[in-house]
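Below is one structure, written out as structure tokens; the observations come after it.
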Amino acid sequence: MRSARIALCALLITGAVGLSPSTASATSATPSTPSTPSTPSTPSANRSAFTLSSAAFADGGVIPKVHECTSGGGSDPAKRNESPPLTWAGAPTAAKSYAIVMRDLDNSHLIHWVIYDIPASATSLPQNVDHAYRPSTPAGARQVYYRGSASLYGYQGPCSPSTVNTYEFVVHALNQPSLSSLNSNSSTRTAAREIVAATIGSARITGES
């Protein structure tokens, strides 16, 4: 009997030693496979792209004659120097105002039009914005005086009778409601620099004329 009890105790001790702590730990710590989390949506994924368009011409298309300058010679009655209608969408939600700059990309990026202090509530400009420092529409906006083939406030249409040039229109979303440093005597280049410095987003289209 005594020898049987001794054998039984030895068997119990051997079984206890065989279960190592590392094995017990690994068994109890094995996690269940986690479910794959859904990818969170980001603001950039949900927000539409900032775009600019015109009902007068497609991006890269031909700008109609009604928008060409009347100071480039000739007497074509179709040319009226009227600014084209422009519409934008998907602008940054932080925009406090807008500005538009038009350049002739084939003539040293000559600036043809600067209009700024466009209210943040605006999403478009009508055709033929007044040639005035403070146009009637959009209310509160201001324009820079153009000094070149014509001398006027606001829009100066394409003036390239012997070549076909590319004209770029850029709408800038700005981080301030008014560019207070500009006035009626500011140059187009000065205005363009102030606009770029305040820009938080932009969109563009081009037209040929």
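Only Lys, Arg, Asp and Glu carry charge here, each on its Cβ (+1 for the first two, -1 for the last two); on that basis the range 50-209 has a dipole of about 340 debye about its Cα centre. Derived scalar couplings between HN and Hα for the range 61-75 equal x, 8, 7, x, 4, 4, 9, 7, 5, 10, 10, x, x, x, 9 Hz in order, rounded to whole Hz, by the Karplus curve 6.51 cos²θ - 1.76 cosθ + 1.60 (θ = phi - 60°), x for Gly and Pro. Net charge in the neighbourhood of Ala191 (other residues with Cβ under 12 Å of its Cβ; Lys, Arg +1, Asp, Glu -1) is +1. The residues of the range 89-163 expose on average 42 square angstrom of accessible surface per residue, using a 1.4 Å probe on protein heavy atoms.
The separation of the range 56-88 from the range 141-190, counted between C-alpha centres, amounts to 15 Å. Heavy-atom surface analysis with a 1.4 Å probe gives the range 48-112 a carbon and sulfur content of 51 percent of its accessible area. The H on the amide N of Asn165, modeled in the peptide plane, is under 5 Å from the matching H of Ser209, each at least 5 residues off or on a different chain.
The values are calculated or read from the model by the stated rules, or taken from the named source; none is laboratory data. Note that the structure is predicted; figures quoted are calculated from it, not measured. Note: ideal-geometry Cβ built from the backbone for every residue, glycine included; neighbour counts use all protein chains shown. Quick note on the areas: whole protein, heavy atoms, side chains included, nothing else; ligands and nucleic acids left out. Shrake-Rupley method; radii C 1.70, N 1.55, O 1.52, S 1.80 Å.
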